[in-house]
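Report on the structure given below.
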Amino acid sequence: MEMQDLLQRYFGTPDLAEVDPVALPAGIDRMRVDFGLERDSGRRFALWTLLYMLDAAPDLDVAFEDPAEREAARNIMDMIASASPS
């Protein structure tokens, strides 16, 4: 899944900067529901990553049963943290 596709689906725009702040909570709620229902690991990971970027992701031990997926999520967290301005 492409991030732009996820943003379009949940927020109506492929650009996060254009998301109406009022629409953000509803889009996040829909993403959380879809995350809980999704069975494809790649799609779940993409949803979790966007939720993480929006500070709305479930904890790793709740989100991922597979230790390899938890480690991949930690790597994403580290990459995002290192890319963020200090």
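Values as computed for the structure displayed
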read-out	value
Pairs, first more than 16 Å from Arg44 (Cβ to Cβ) in segment 60-83, second of a type outside the set (Phe, Trp, Tyr) and modelled with pLDDT under 95, C-beta under 8 Å, six or more apart	Ile80/Met53
The one condition in (1) surrounded by fewer than 12 Cβ atoms within 10 Å (Cβ to Cβ); (2) closer than 21 Å to Ala72 by Cβ that Met3 fails to fulfil	(1)
Selected residue (criterion: nearest to Asp55 (Cα to Cα)) from residues of segment 7-43 that are part of a loop (DSSP other than H, G, I, E, B) and open to solvent by 50 Å² or more (accessible area, probe 1.4 Å)	Pro21
Test: residue in segment 54-64 that is open to solvent by 90 Å² or more (accessible area, probe 1.4 Å) and closer than 17 Å to Thr13 by Cβ	no
Qualifying positions in segment 65-86 - assigned to a loop (DSSP other than H, G, I, E, B) and either of a type outside the set (Ser, Thr, Tyr) or surrounded by 10 or more Cβ atoms within 10 Å (Cβ to Cβ) (or both)	Glu65, Asp66, Pro85
Test: residue in segment 9-24 that is of a type in the set (Phe, Trp, Tyr), at pLDDT 95 or above and touching a Pro at 6+ places or on another chain (Cβ under 9 Å)	no
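The values are calculated or read from the model by the stated rules, or taken from the named source; none is laboratory data. On a predicted model such as this, the values are computed, not experimentally measured, just so you know. Heads up, the Cβs are rebuilt from the backbone with ideal geometry, glycines too, and the neighbour counts pull from every protein chain shown. Accessible surface areas use protein heavy atoms only, side chains included; no ligands, DNA or RNA. Shrake-Rupley method; radii C 1.70, N 1.55, O 1.52, S 1.80 Å.
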